[in-house]
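Please read the structure below before turning to the comments.
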Amino acid sequence: MEPSKAERESFEVTPWEVRGRVDYRKLAETFGVKLLSESELKVIERHAGELHYLLRRGFFYAHRGLETILSCIEQKTRWALYTGRGPSADLHLGHIVPWMFAKWLCDKFGVELFFEMTDDEKFLIRDISLEDANRYAYDNALTLIALGFKPSQLHLIVDTEDIGYLYRIALRVAKCLTLSTVKHTFGFTDSMNVGAVFFPTLQISVAFLPTELYREKTPVLIPAGIDQDPYFRLARDLAEKLGYPKPSTIYCKFIPALTGEEKMSASRPETAIYVLDDETTVRRKIMNALTGGQPTRELQRRLGGNPENCVVYRYFLAYVDDDSLVCKIYRDCRQGSILCGECKQILFEHIVKLLRVLRENREKAKDRVWEYRLSTKFK
Ligand code: TRP
């Protein structure tokens, strides 16, 4: 049976699940976050000298309290970046999008990134041992470092090992959070384990950590997938009561699965390109991707394709900085002068180039993770 209109239009986004076709405007409205405005983008552009392509192309599209960070930028006062990862699996290309953006912000604005690996979270909510989650934290950190961060730019926190930096903040946060607020915010039921119920305090704490470490009120900007918003809505509610600046957030859209679903999923390998996939696998996955092309070569030549509805084109937008190439792909597709196979081949070459750099840099990072650890730099 065909889905009804209401079913087609319904979607749900939580930190654990994305279901249905997401209407990002509506989602921003439901969550109560603001859309990035032209004038906000202008401020970033003026001070950075350019706009990152993820901003230009609307991948990062919504925020809470970005004004605070923009005024730090204008007044040249200190701010910091914070993001994180729940390490429970190998990384795919979707995971690294906010990190690429964070790297750009570090470079353009001379700020430092605090990065939380929540191995505790994954142990508590997934079927994974503490040892394995911790191993993934270190493995995932290699790819993060491989994006080119210098040790002075990136401070890595591994929850199970660096809890001493967070625990005092987490306790203060915990004391302000009632069980009913946490249940309500995250949709927890009574069958949830108590560790999972406590965990949000730790994700919130890192937003306040820079203020403790720098010993001065430090506004924080959190680039994240919009599904992480519930944590930071709580963080903003509590901040002032605890004497910290309200953290600001900037949210990006999901990178679609190769098969057309809304979000790449680490649990369904064929839908995502992994950082460690070999080139044969990457080629196969791209060649099998859902496109906006016509069913036959003749129709494609005559009618042209539909880049708006094409995963391959979305990947060009998400991973290829070169505007003139991306525009050409769009035009050629519309006019029917490029076939899907050729277009996929061009994407494949770009993705493989990106993956090669990441893999080489991962090797170089293997003995150097300690240089990036928060505990190496802050005592
Ligand atoms: N909970 C996130 C996840 O499961 C990990 C995380 C921790 C995070 N701190 C963050 C994500 C800050 C974005 C921003 O992946």
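The values are calculated or read from the model by the stated rules, or taken from the named source; none is laboratory data. What you see is a predicted model; the values in this text were computed from it and never measured. Cβ atoms come from the backbone with ideal geometry, glycine included; neighbour counts cover every protein chain shown. Only protein heavy atoms, including side chains, enter the accessible area calculation; ligands, DNA and RNA are left aside. Shrake-Rupley method; radii C 1.70, N 1.55, O 1.52, S 1.80 Å.
Residue-by-condition table, conditions (1) free of Cβ contacts under 8 Å to residues at least 24 places away in the same chain; (2) under 27 Å from residue 111 (Cβ atoms); (3) touching a Cys at 6+ places or on another chain (Cβ under 8 Å):
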| residue | (1), (2), (3) |
| --- | --- |
| 24 | no, yes, no |
| 31 | no, yes, no |
| 41 | yes, yes, no |
| 44 | no, yes, no |
| 54 | no, yes, yes |
| 73 | no, yes, no |
| 80 | no, yes, no |
(request) Considering only segment 12-60, give the helices (runs of 4 or more DSSP H) lying wholly within it that have at least 1 residues that are β-branched (Val, Ile, Thr) and within 30 Å of residue 182 (Cα to Cα). (result) 24-31
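Take the residues in segment 126-185 that are among the acidic types (Asp, Glu), part of a helix (DSSP H, G or I) and open to solvent by 70 Å² or more (accessible area, probe 1.4 Å), then tell me which one is nearest to residue 98 (Cα to Cα).
Filtering first and then ranking leaves 161.
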(request) Write out, first by first residue and then by second, each pair whose Cβ atoms fall under 6 Å of each other, whose residues are 6+ apart or on separate chains, and whose first residue, in segment 366-379, is open to solvent by less than 30 Å² (accessible area, probe 1.4 Å) while the second is in a loop (DSSP other than H, G, I, E, B). (result) 372/151
(request) Being among the charged types (D, E, K, R) and within 16 Å of the ligand (Cβ to nearest atom) narrows it down to one of 38, 45, 29, 17, so name that one. (result) 17
(request) Could you run through segment 201-219 and say how many residues are in contact (Cβ under 8 Å) with a residue 40 or more places away in the chain and near the ligand (Cβ under 10 Å from one of its atoms)? (result) 4
(request) Among residues belonging to segment 1-20 that are loosely packed, with under 12 Cβ neighbours inside 10 Å and farther than 14 Å from residue 230 by Cα, point out the one that is modelled with the lowest pLDDT. (result) 1
(message) Looking at 77, 118, 68, can you tell me which residue is hydroxyl-bearing (Ser, Thr, Tyr), farther than 27 Å from residue 351 by Cα and open to solvent by less than 10 Å² (accessible area, probe 1.4 Å)?
(response) 118
(message) Given the options 66, 54, name the one that is assigned by TED's automatic domain parsing to the domain that holds residue 252 and under 15 Å from the mean Cα position of the chain (by Cα).
(response) 54
(message) For segment 204-217: of the residues being closer than 21 Å to residue 174 by Cα and not in a helix (DSSP H, G or I), which is most open to solvent (accessible area, probe 1.4 Å)?
(response) 217
